[in-house]
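Chemist: The structure's right below; bear with me while I get my questions together.
The values are calculated or read from the model by the stated rules, or taken from the named source; none is laboratory data. The structure presented is a predicted model; accordingly, all values stated were derived computationally and were not measured. All Cβ positions, glycine included, derive from the backbone under ideal geometry; neighbour counts span all protein chains shown.
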Amino acid sequence: MRKIVCSYVPPHIIDHIARVSGKSPDGAGAAQRTALAGQLLRDARRAPLGGAADLGAALHTPQPGKGERVIFDDGHQWQLSTSPIRGEDDPPTKLKNANLAYDGLGSTREFYRKELGRDSLDNAGLTLQGHVDFGADFNNAFWDGTEMVFGNGDGQIFKDFTGDVDVIGHELTHGVTQYTAGLQYSDQPGALNEATSDIFGVCVEQFSKNLDAGTFNWLIGEDVMADGLYGEAIRSMAHPGTAYDNPLMGKDPQAADMSQYVPGGDPHVNSGIVNRVFYLVATDLGTFPAAKLWYATLQNLWPTADFAAAADVCAQMARILARDGVIGRQGAQTVRAAFHEVGII
Ligand SMILES: [Zn+2]
């Protein structure tokens, strides 16, 4: 099985921060260390086998289980071979971020179980592992194919990444995609993969906060912005390309429709097109019916599926789910209108 390493804060933002903050000693250290750590992680995972295509074989295969949670304290070291500090049903620890990670893993597990009938990431009770206090001032969080890793942020650009449940929902959903459609992490399949993580990430947030399409802000990552970036976010699903515009992060380059599509571009950029489709569908059908529809779509996609294939499968699933009363009767029309609005069909 192919494994994916997705960093929550995408490379184009981290690179911009590293470039800009090179001039101001204040944030420079953390951003540059983050860029470096990301590179080291990529290199470390590729090195043993000599290529990204072989990435999966380098990692151990997680075992099915009871969907239990385990949180590890990395103690500000740049490594993951650390000890667990909280397991399922254990009382809270002294580390606030460890407890937030534990709760966020739980919200994600419960969203999948209650709304989508899925038993953990692999639908076989895979143990959910989370690492907190990874590295020093690490401005990112990632899923490495087997576990979730959270940085503390440097407190100036980003805050601790356990502070926004959509971070957790996003990263763990890369695991779900890995076990279902197995979408390749490049070009359109990569953008579908990224969008799926944003889609279920915000579904987890709405699930855990009792919100729905009409009461949610459709922003990704707004709660990990430190005070200097208050009001900014990493992505906007309603209006891709408008999440941020400031000297430190640059301007949000996300595509909102096919006129802005970047052929072969970063999945985090082109995912905006699919994110907006989901926003439009959820606004009409409700977030959780729309989630069931996207989940059915994901289960019927394949590793090289492109946007047109997703539109086709999603419309087919909408007809079936509308017939069965899972989504509104207008579901198929809603789906076609949404994919049409962004220029995919
Ligand atoms: Zn991602």
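Chemist: Please count how many residues of segment 217-249 are farther than 25 Å from GLY343 by Cβ and part of a strand (DSSP E or B).
Modeler: 2
Chemist: On to the next question. Looking only at residues that are in contact with a Ser or Thr (Cβ under 9 Å, 6 or more places away or on another chain) and either part of a helix (DSSP H, G or I) or not assigned by TED's automatic domain parsing to the domain that holds ASP133 (or both) in segment 148-170, which one is nearest to TRP78 (Cα to Cα)?
Modeler: Only one residue fits best here, namely ILE168.
Chemist: Can you tell me how many residues within segment 144-172 are in contact (Cβ under 8 Å) with a residue 60 or more places away in the chain, of a type outside the set (S, T, N, Q) and over 19 Å from ARG86 (Cα atoms)?
Modeler: The total comes to 13.
Chemist: Next question, about the same structure. I'd like to verify a number: residues in segment 164-223 that are more than 16 Å from SER7 (Cβ to Cβ) and in contact with a strand residue (DSSP E or B) (Cβ under 6 Å, 6 or more places away or on another chain), how many?
Modeler: Total meeting the criteria: 1.
Chemist: Being in contact with a His (Cβ under 6 Å, 6 or more places away or on another chain) and away from the ligand (no atom under 12 Å from the Cβ) is the filter here, so list the residues in segment 143-193 that pass it.
Modeler: Residue satisfying the conditions is VAL149 alone.
Chemist: Checking THR173 against (1) more than 21 Å from SER208 (Cα to Cα); (2) outside any loop (DSSP other than H, G, I, E, B), only one condition comes out false. Which one?
Modeler: (1)
Chemist: Just checking, does segment 54-71 include any residue being within 16 Å of the ligand (Cβ to nearest atom), at pLDDT below 90 and surrounded by fewer than 20 Cβ atoms within 10 Å (Cβ to Cβ)?
Modeler: no
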